[in-house]
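S.K.: Quick one: the structure is below, questions incoming.
The values are calculated or read from the model by the stated rules, or taken from the named source; none is laboratory data. Since we're looking at a predicted model, the values are computed, not measured. With ideal geometry, Cβ positions are generated from the backbone for all residues, glycine too; neighbour counts draw on all protein chains shown. Side chains included, ligands, DNA and RNA excluded: accessible areas come from the protein's heavy atoms. Shrake-Rupley method; radii C 1.70, N 1.55, O 1.52, S 1.80 Å.
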Amino acid sequence: MSLSLLRRRQALIFYSNLDALQIFYTKPNSVSSVFKTVQNPCSRSPQLDNSFRVLQPCALFSTQSSKYPEYEMPSVTWGVVQGKREKLVNRVIICDYLKSLGIIPDELEDLELPSTVEVMRGRVEFLQKLGLTIDDINEYPLMLGCSVRKNIIPVLGYLEKIGISRPKLGEFIKSYPQVLHASVVVELMPVIKFLRGLDVEKQDMGYVLQKYPQLLGFKPEGTISTSVGYLVSIGVNPRDIGPMVTQFPFLLGMRVGTMIKPLIDYLLSLGLPKLIVARMLEKRPYILGYDLEETVKPNVDCLTSFGITKKSLPSVIAQYPQIIGLPLKAKLSSQQYFFNLKLKIDPEGFAQVIEHMPQIVSLNQHVIMKPISFLLARGIPSEDVAKMVVKCPQLVALPVLLMKNSYYFYKTEMGRPLKELVDFPEYFTYSLESRIKPRYQRLQSKGIRCSLNWFLNCSDQRFEERLEGDCIEPERVGPSFFLGGKLELPGFEVISDEEDESDGEEVLYRRTVSL
């Protein structure tokens, strides 16, 4: 083969490839016709097939039907190659367009913008269809750098898949627009997988993320793991971490050294046992959100200023953990004035009321007066009513109907004087049908005469033992806290933080406080 013939064949192959490429770059609308031609095995050439393989994914993606038919897809320009001058001109045109809408494009200077104003218009209109306003876009204009097809659509689809309903996607984006830049596979999926590993229920995932959207921006191996590990180390049951996160997901974003540990250490310094603190956090994880310096410490000082003893502080906080996060000074001042004016209870008696039932600081005064009025209407002197409330503050939270039934049985069936009710006001707190009546009938059948406290303030098993006994044993007091993190229960050994949690933890929680 001569040299001239070889050069002639190379030139023929070069021009045939050039014609095929020009078909794609000069006539984008005829992609489908070229696709049909290429599929014909008689007319396929290797060079043309290689060119088509490069362009085929773009052509297919631009023509396939969207999974979100209600979203209007923006137009896309293919194969536009711009020089430096053309880019500058188009940037000026796009910025002028954004300014005409009221969008401030100053933060977009270092951002790569679309090649045409039509593409940018499609992005703006798409975001507006989600419910975002111009003001929302101005709050985070970097969202205009996200491609609708490559960024926004995949992220929205995944958010909807994990439980965020479509009507709430706009609000979610307003709360955390940075999610539009995230990779579904690399950044979002690992966070969701980690939350599922913490026993956050699948149906609760959307609720958790709507409460704390920024959670999607954390790394599972960072702050999240550290917070969970510390809570488990102080005694929080790992199985309760999921419900805690569902109720208060913000705990996963709290730093242990600056937020969680200082609060826990302060509560322990007040005399609260570590296991009690752990149980408090399991039931009320939002306690971790209370500011230590601005809220918790001032509230503890407020309690002591109203007469609560340091010895009683652990019991008060354990019974009503929310008390360390309330606007406490105003509430205590109001309730103390009310108790002094209406119930004739002095500040010292009011302090005893708070020690026995701290929930009273949040109880409506109208509710308090209903049982008080009932007792006064039964002929009990106001001084005795005050003594009853100080001894058993739970009276002010009882339904009047239940008190009426118990009082009627006391007067008609038991026939005892009012003085015994004044001495033992806890009588009204026991169930008439399940405890008072059955036990009183047992006493009657055996001909035993005893105090209300003796036959009511004990378990069923203890009551049976007392009926079989030869003498009436002395009455015992309830559980008490001690400074230093230990809790003593009558009839039990002192339980400390170092003891095994299998049995002691259950007894400790069940017999001391109701969280």
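S.K.: Summarise the accessible area of the range 200-265 (1.4 Å probe, protein heavy atoms) by the percent that is carbon and sulfur.
M.R.: Working: 1590 of 2940 Å².
Carbon-and-sulfur percentage of accessible area, whole number: 54.
S.K.: Just to be sure I understand the model, the point goes 7 Å from the Cα along the line to the Cβ. What's the resulting Thr304 to Leu401 distance in nm?
M.R.: 4.6 nm
S.K.: On full extension of the chain, what length is gained from Glu468 through Lys437, given 0.36 nm per residue of separation minus the C-alpha to C-alpha distance? Numbers along the way, then the final one.
M.R.: Details: separation 31, 0.36 × 31 = 11.16 nm, distance 1.90 nm.
Extending this stretch completely gives an extra 9.3 nm.
S.K.: Where does each of 214-225, 100-111 land if you order them by average Cβ count within 10 Å, highest first? Intermediate values should be presented prior to the final figure.
M.R.: Values: 214-225: 15.6, 100-111: 12.7.
Packing order, densest peptide first, comes out as 214-225, 100-111.
S.K.: Separate question: Roughly how many Å² is the accessible area per residue of the range 215-333, as a whole number, for a 1.4 Å probe? Could the numbers behind the result be given before it?
M.R.: Details: 4690 Å² over 119 residues.
It amounts to 39 Å² per residue over the range 215-333.
S.K.: Full extension from Leu376 to Asn237: what is 0.36 nm times the residue separation minus their Cα-Cα distance, to one decimal in nm? Intermediate values should be presented prior to the final figure.
M.R.: Numbers: separation 139, 0.36 × 139 = 50.04 nm, distance 4.72 nm.
Taking 0.36 nm per residue and subtracting the Cα distance, the gain is 45.3 nm.
S.K.: Taking the Cβ-Cβ separation of Ile134 and Val184 as r and a Förster radius of 30 Å, what is the calculated FRET efficiency to the nearest 0.05? Provide the component values of the computation, followed by the final result.
M.R.: On the way: r = 28 Å, r/R0 = 0.92.
Step by step, r from the Cβ atoms, then E = 0.60.
S.K.: Right, here's the next one. Considering only protein heavy atoms and a probe of 1.4 Å, how much of the accessible area of the range 365-471 is carbon and sulfur, as a whole percent? Display every interim value, and only then the final one.
M.R.: Details: 2910 of 5630 Å².
Roughly 52 percent, rounded to a whole number.
S.K.: In nm, to one decimal, how far is the Gln461 label point from the Tyr430 one, both placed 7 Å along Cα→Cβ?
M.R.: So the two model labels end up 1.9 nm from each other.
S.K.: Separate question: Let's see if you can work this out: charge +1 on each Lys and Arg Cβ, -1 on each Asp and Glu Cβ, no other charges. What is the dipole magnitude of the range 272-356 about its Cα centre, in debye to the nearest 20? Show your work: numbers first, answer last.
M.R.: Values: 11 positive and 8 negative charges, 50 e Å.
Charge dipole of the range 272-356: 240 debye, to the nearest 20.
S.K.: Estimate the FRET efficiency between Lys211 and Tyr290 by the formula 1/(1 + (r/R0)^6), using the beta-carbon distance for r and 22 Å for R0, to the nearest 0.05. Each step should come with its number before you reach the end.
M.R.: Numbers: r = 17 Å, r/R0 = 0.79.
Working from the Cβ atoms, E equals 0.80.
S.K.: Which distance in Å, rounded to a whole number, links the C-alpha centroids of the range 215-284 and the range 317-384?
M.R.: Each part's Cα centre sits 33 Å from the other's.
S.K.: If I take the Cα coordinates of the range 72-221 and project them onto the principal axes, what are the three extents in Å, biggest first?
M.R.: 55, 28, 27
S.K.: Among 247-258, 449-460, how do they line up by average Cβ neighbours within 10 Å per residue, starting with the highest? Provide the component values of the computation, followed by the final result.
M.R.: Numbers: 247-258: 16.9, 449-460: 14.3.
Sorting 247-258, 449-460 by mean packing, highest first, produces 247-258, 449-460.
S.K.: In debye to the nearest 20, how big a dipole does the range 322-453 give about its Cα centre with +1 on each Lys and Arg Cβ and -1 on each Asp and Glu Cβ? Walk me through the intermediate numbers first.
M.R.: Working: 18 positive and 10 negative charges, 89 e Å.
So the magnitude is around 420 debye.
S.K.: Also: For the pairs Lys161/Lys193; Lys274/Lys311; Lys411/Lys446, note any where the Cα-Cα span goes beyond 18 Å. Show your work: numbers first, answer last.
M.R.: On the way: Lys161/Lys193 14 Å; Lys274/Lys311 16 Å; Lys411/Lys446 21 Å.
In this structure, Lys411/Lys446 exceed 18 Å between Cα atoms.
S.K.: If R0 is 35 Å, what FRET efficiency do you get for Glu112 and Ser165 from their C-beta distance, rounded to 0.05? Could you put the intermediate results ahead of the total?
M.R.: Working: r = 33 Å, r/R0 = 0.93.
Result of the calculation: an efficiency of 0.60.
S.K.: What full-extension length gain, to one decimal in nm, is calculated for Gln394 and Ser334 as 0.36 nm per residue of separation minus the Cα-Cα distance? Don't jump to the answer; show the numbers that get you there.
M.R.: On the way: separation 60, 0.36 × 60 = 21.60 nm, distance 1.89 nm.
Value of the extension gain: 19.7 nm.
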